[in-house]
Every structure is written in C-alpha cells, then in structure tokens.
Amino acid sequence: MSIYIHIPFCKDICSYCDFCKFYYNEKWVDNYLIALEKEIKTKYNDELINTIYIGGGTPTSLNIKQLEKLLQLTKLFNFKNEEFTVETNADLDEEKIKLLSKYGVNRISIGMQTVNSKYLKLLNRNHTKEDIINLVNILKKYNFNINLDLMYALPNQTLDELNEDLDFILSLDVNHISTYSLMIEPHTKLYIDNISSIDEDLDLAMYNLIIKKLNRYNHYEISNFAKENCFSKHNLVYWNNLEYYGFGIGASGYLNGIRYDNTKSFSNYIKGDIISSSHKLSRQEIIENEFILGFRKLEGIDIDLFFEKYNISIDSIKIVKDLLEENKLIKDGNHLKINPKYIYVSNTILVNFIDLEV
C-alpha cells in the first residue's frame, strides 16, 4: 500500500500548471495542516505502507516549522520505508534538506523543466542552471535518490535547445529522469495567452532524441528513465494498478475497489467536506485499468500475474489477439507489451481497452 499527500502551495504559479494550487499564505498553510491531520486520522486504517510521495504544488514552499509539522504527520503511518519522495523546486535550502533527511525522506524530485533562460521565463520558473547544479550537489552529499523533471515541446523550442537541456541533465548524473511533453491545458496562463502547441512531427523528433540521449538509463515507462534499482517504486504502484491512499485537497486515491477524488475547494476541505466524487469499479473496469496503466511500462504486463489476478488467459481476450496479429502488441518472455515502435502513439492502442469485452 502507498500514500500520496498533496500540498497545494507555491511561491510562484507556473504558466503551464493546471494542478490544484494556491499562492503560499502562512495562515492558510497552518489551517490546511490541521485539516490534513484530521483527514489522515479519519481515513487511514493502519495498513503497512511501503511508499509515501508528497507532491504539489511545492511542498518545500512551507516554512521550516510547517514542513516539520507535515513530516511529523507521516509518523501516523505504519511505514516500512521503501521509498519516501518529496517534490521541490531549486530553491530548497540545506536547513530543509537536513530536516527531510531526519524524517526519512530518501528521494527528492526536482521540478527543473529546463535550464534555458528564455523558456524558464515563459514557464514562470525562477531558477538558473547554477541553482540546479548547487541543489543536486547538496542532495548528493546527503545521499538522496534524485529525480529531475524535464519538460520539452515548448513553444518555438528547437531540437538543438532540447539537446542542450539533455546534455546538462546527463552532466549531473542523477538517478532518475521524468520527461513531459508540454500540454497546454485550459485555465493556465499559456492557454489564456493563446500559446500554441508545437508541430506533432517535431514533438515526435524530440521524444526520439530524448530516448537516444538517455540510452545509458533504463527507459522503463513511457516518460521515465532510471538507473538500475532506481525505478520510482511509488509510481509503479499506479502503473501496476495497485491501491493507494490520496490525502489532501485535489488528491485522488484507489481503495477497496473505489477510485475517489478529493475536493479542490479550499473552504470545503478545511470544513472536512473532503470527497468530491467516488466510483466503485466493476471487474471489467479494473481489468481495463490493468491494461491502460500496465502498458505504460516498457516491459508491459506480466502474463502469469494477470491470470493469477483475474483467472483469465490474456490471450483469450479478443482485442489482445487482434493487436498481436497487427504486431502492435508483442510477447517478450512472460510479458505482453506494446511494440516499441508504437510507444509514441501508445494512446491509439490504449483506447482499444476502453469498454473492454472480457
């Protein structure tokens, strides 16, 4: 079992961000942490927890006292610490790093996105290349597992500019790299400013460049690359269709066959009116998710494990047979996976598993 905790506060709002977020306000944070503690104490049933992921927002935007209060809340869990991740920006200081280490955080995910000053300004990111270098060096001193987020397909970005970002990342020799093609979502500043997405052919060329440049890493999920033994254990919970708690405003969870979403209303959350929607999944929907999430992994779906879970031979499902015949799915040992040459257009394959007949 795993836990995701959402901290919606930021010192600055990125122009592309459509997550649930608010500008940092000390009083709001204090009230939020009280409500978060109540939610945890109400919902959590003392299961053994393997991974915790605190995301946002920017969890490290909290002041040192508030950050410690947040970290103390994780002591409420029966936590076997296989992985404990906290998201941050490049302004994380050593005092907070020491505090994170003290509470067992062993993985830091840095929202780098790019180090090109032109695109940093466009994305409203307030760091420099030197800030990233300094933070990575300090985190290495404290033996953290480090992830860097890379955003590409930025408006007017060239392959050469992306290549410079990739060379910079490789020079840092971090354990894990997550890549995101920029999606311009409604209600973001980029959308309001009528910024357009780049050409699809260029987007594909960029994706292929990333795969080529990061070939010293294991490309283990569509958008994720890691050194050996540094795969994100927490994110694998999602991709393996396993259950997890989601705590905090705007968080989602999956418990006892029910997928739920927490409210995005700050006032409702503070009042304890937390769940905005929930849905009990049918067996068919659970199997659909097994495919849609499992095929995000480059190794695909374990055929024996699938049979163990659902008592269905994966080969007997008609769409699986059809996609195998079309060579869009292939078998690799005991795994069924998307043919690597179709990874970039994987959504055109995954859509076949919606309203699945089993």
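The values are calculated or read from the model by the stated rules, or taken from the named source; none is laboratory data. Here the structure is a predicted model, which is why all the values come from computation and not from measurement. Note: ideal-geometry Cβ built from the backbone for every residue, glycine included; neighbour counts use all protein chains shown.
A few points about this structure:
- When 342, 254, 310, 244 are screened for being surrounded by fewer than 16 Cβ atoms within 10 Å (Cβ to Cβ) and among the aromatic types (Phe, Trp, Tyr), only 310 passes.
- Scanning the stretch 119-150 for residues that are in contact with a Leu (Cβ under 9 Å, 6 or more places away or on another chain) and either at pLDDT below 95 or not assigned by TED's automatic domain parsing to the domain that holds residue 103 (or both) returns 119, 122, 123, 126, 127, 128.
- Residue 151 satisfies every condition listed in (1) surrounded by fewer than 17 Cβ atoms within 10 Å (Cβ to Cβ); (2) out of contact with any Asp or Glu (no Cβ under 8 Å at 6 or more places or on another chain); (3) under 19 Å from residue 205 (Cα atoms) except (1).
- The residue that is farthest from residue 162 (Cα to Cα), among those in the stretch 74-115 that are basic (Lys, Arg) and in a strand (DSSP E or B), is 80.
- Qualifying residue in the stretch 196-215 (condition: touching a helix residue (DSSP H, G or I) at 6+ places or on another chain (Cβ under 8 Å), in contact (Cβ under 8 Å) with a residue 40 or more places away in the chain, buried (at least 20 other Cβ atoms within 10 Å of the Cβ) and under 23 Å from residue 292 (Cβ atoms)): yes
- In the stretch 234-262, the residues that are touching a residue at least 40 places away in the same chain (Cβ under 8 Å) and within 20 Å of residue 273 (Cα to Cα) form Cβ pairs under 7 Å with partners that are among the β-branched types (Val, Ile, Thr) and part of a helix (DSSP H, G or I), at six or more places apart or across chains, as follows: 247/40.
- In the stretch 164-261, counting only helices (runs of 4 or more DSSP H) that sit wholly within it, the ones holding 3 or more residues that are touching a Lys or Arg at 6+ places or on another chain (Cβ under 9 Å) and not basic (Lys, Arg) span 233-239.
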